[in-house]
There are 2 protein chains.
Amino acid sequence: MPDANPRVLFELFKEIGIIEQLSRALLEAQLPDGLIAPHFAVLNHLMMRGNGAVPIDMARAFQVPKTSMTHTLKGLAAGGYVELRHNPQDGRSKTVWLTPRGEAMRNETIGKLGPAFEDVMTALDANALVGILPKLVELREHLDAARDT
Amino acid sequence: MPDANPRVLFELFKEIGIIEQLSRALLEAQLPDGLIAPHFAVLNHLMMRGNGAVPIDMARAFQVPKTSMTHTLKGLAAGGYVELRHNPQDGRSKTVWLTPRGEAMRNETIGKLGPAFEDVMTALDANALVGILPKLVELREHLDAARDT
DNA sequence: GTTGATTAGTGCAATATCGTACTATATGGA
DNA sequence: TCCATATAGTACGATATTGCACTAATCAAC
């Protein structure tokens, strides 16, 4: 009979916290100097979800305050990785656009992570690893829903 | 045939990052004003691993710089949750001791988290959730080992 | 024992996160 | 149209994180 005590959730969250820390370090080791994980997350978001996103929408997607997003975008723009343009639909807001430099950096970073990622996949039984993803998604969705209540 | 492409690791780490963020918010909502997750982690560590730990050892356990540990301990000591004593074994270092106030606060915080944790356990099929823990431990251990190379 | 190298802790500076307050723009109802 | 309310972005201040440099204590080799 498995241990279904809520106490194991502490273990689960502790492991997740450590993995987050280690994977973030792995990513940031590949990023250009001065850029950190949130910068990369924005580039990736623009790439996957479409260029020209509005800052407030990204702040909501990442669940960070809009002031944090302002700061992150300022860093990316200073490095020439994104370009901020006026939003023709709404004079209060802007739109964020990947530059070729930003797109290239994002792709190179992913490429640099390849070997480490392949290491994980071969060392840990890829199928079993992929198998836990749905459960993590479920957990994330539950926490996300509970956040409002 | 499952998707064993290393790309799914991005998904995995992304979910883990979000869960870390949400669970940290859940914890910090229960902590006294001015205390955050690292403070709680120290109290918990002293409780589980034994009172009187040396700061540098905790810094290593949490894989944070020793300056960060100094800062965290200063906050806990200012609130009266821990007490710093000289280390009779080593004049360079100190030892960290839970106060009754610190122990009580840690226990109360865990108590306050109970309902939310039980929600998760009932909503998500506790057995399946517990089942992913070994795989997460494996992943953490692999990343930890790869950190040095 | 003396001395050079190592280690624990902390002050300081640079940057990150985020709450508050403010400005500019947009929206919705009279 | 006009005006009250809401929203997007940012400046600013408080606190967190962390690298560098320094001090004090320890350790190791002689």
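If you count Lys pairs in the protein assembly as shown whose Cα atoms are under 16 Å apart, skipping same-chain pairs closer than 8 places in sequence, the total is 9. Shown is the FRET efficiency for A:Ala78 and B:Glu28, computed with R0 = 35 Å from the Cβ-Cβ distance and rounded to the nearest 0.05: 0.70.
Just add up the charged neighbours of A:Ala41: K/R +1, D/E -1, any other residue whose Cβ is under 12 Å from the Cβ of A:Ala41. Don't jump to the answer; show the numbers that get you there.
Details: positive: A:Arg24, A:Arg49, A:Arg106, B:Lys14; negative: A:Glu28.
Around A:Ala41, the surrounding residues sum to +3.
Scanning residues 5 or more positions from A:Thr99 or on other chains, those with amide H under 5 Å from its amide H are A:Val82, A:Glu83, with H placed 1.01 Å from N in the peptide plane. Taking the longest Cα principal axis of chain B as reference, the axis of helix B:37-49 is set at about 80 degrees.
Couplings 3J(HN,Hα) for the stretch A:57-71, derived from phi with the Karplus relation 6.51 cos²θ - 1.76 cosθ + 1.60 (θ = phi - 60°), are 5, 5, 4, 5, 4, 8, 6, 10, x, 5, 5, 5, 5, 3, 4 Hz, where x marks Gly and Pro.
What does the charge add up to near B:Leu76, with Lys and Arg as +1, Asp and Glu as -1, over the other residues with Cβ less than 13 Å from its Cβ?
Working: positive: B:Lys74, B:Lys94, B:Arg101, B:Arg106; negative: B:Glu83, B:Glu103.
With Lys, Arg at +1 and Asp, Glu at -1, the net is +2.
Per-residue ellipticity at 222 nm from helix content only, as computed over the protein assembly as shown with -39500 (n - 2.57) for each DSSP H run of at least four residues, stands at -22000 deg cm²/dmol.
Taking 25 °C and 0.890 mPa s as the conditions, I'd like the Stokes-Einstein D for the protein assembly as shown in µm²/s, using the Kirkwood hydrodynamic radius from alpha carbon pairs. Don't skip to the end; give the middle numbers.
Details: Rh = 21.3 Å.
The Stokes-Einstein estimate is 115 µm²/s.
Applying the Karplus relation 6.51 cos²θ - 1.76 cosθ + 1.60 with θ = phi - 60° to the stretch B:135-149 yields 3J(HN,Hα) values of 5, 5, 4, 4, 4, 4, 5, 5, 4, 5, 5, 6, 4, 6, 8 Hz, where x marks Gly and Pro.
Remark on B:Ala53: its backbone amide H falls under 5 Å from those of B:Val96, a criterion applied only to residues 5 or more positions apart or on other chains, H modelled at 1.01 Å from N. Distances from A:Gly131 to itself in the other copies, using label points 7 Å out along the Cα-Cβ axis, amount to 0.8 nm in increasing order. With K and R counted +1 and D and E -1, the other residues having a Cβ less than 14 Å from that of A:His86 yield a net charge of +1.
Computed over the Cα atoms of chain A, the ratio of the radius of gyration to the Kirkwood radius (Rg/Rh) comes to 1.03.
Phi angles of the stretch B:107-116 translate, via the Karplus equation with coefficients 6.51, -1.76, 1.60 and θ = phi - 60°, into HN-Hα couplings of 5, 5, 4, 4, x, 5, 7, x, x, 4 Hz per residue; Gly and Pro are given as x. Just to be sure I understand: with springs between alpha-carbon atoms less than 10 Å apart, which residue in B:Ala59, B:Ala77, B:Ala123 has the highest mean-square fluctuation in the Gaussian network model of chain B? Looking only at B:Ala59, B:Ala77, B:Ala123, the biggest GNM fluctuation is shown by B:Ala123. Across chain A, the mean sequence separation of Cα contacts (distance under 8 Å, 6 or more residues apart), normalised by length, yields a relative contact order of 20 percent. The A:Ile36 and B:Gln89 beta-carbon pair, evaluated with R₀ = 45 Å, returns a calculated FRET efficiency of approximately 0.75.
Throughout, read-outs are computed from the coordinates displayed, never taken from laboratory work. Being a predicted model, the structure only gives us computed values, none of them experimental. Heads up, the Cβs are rebuilt from the backbone with ideal geometry, glycines too, and the neighbour counts pull from every protein chain shown.
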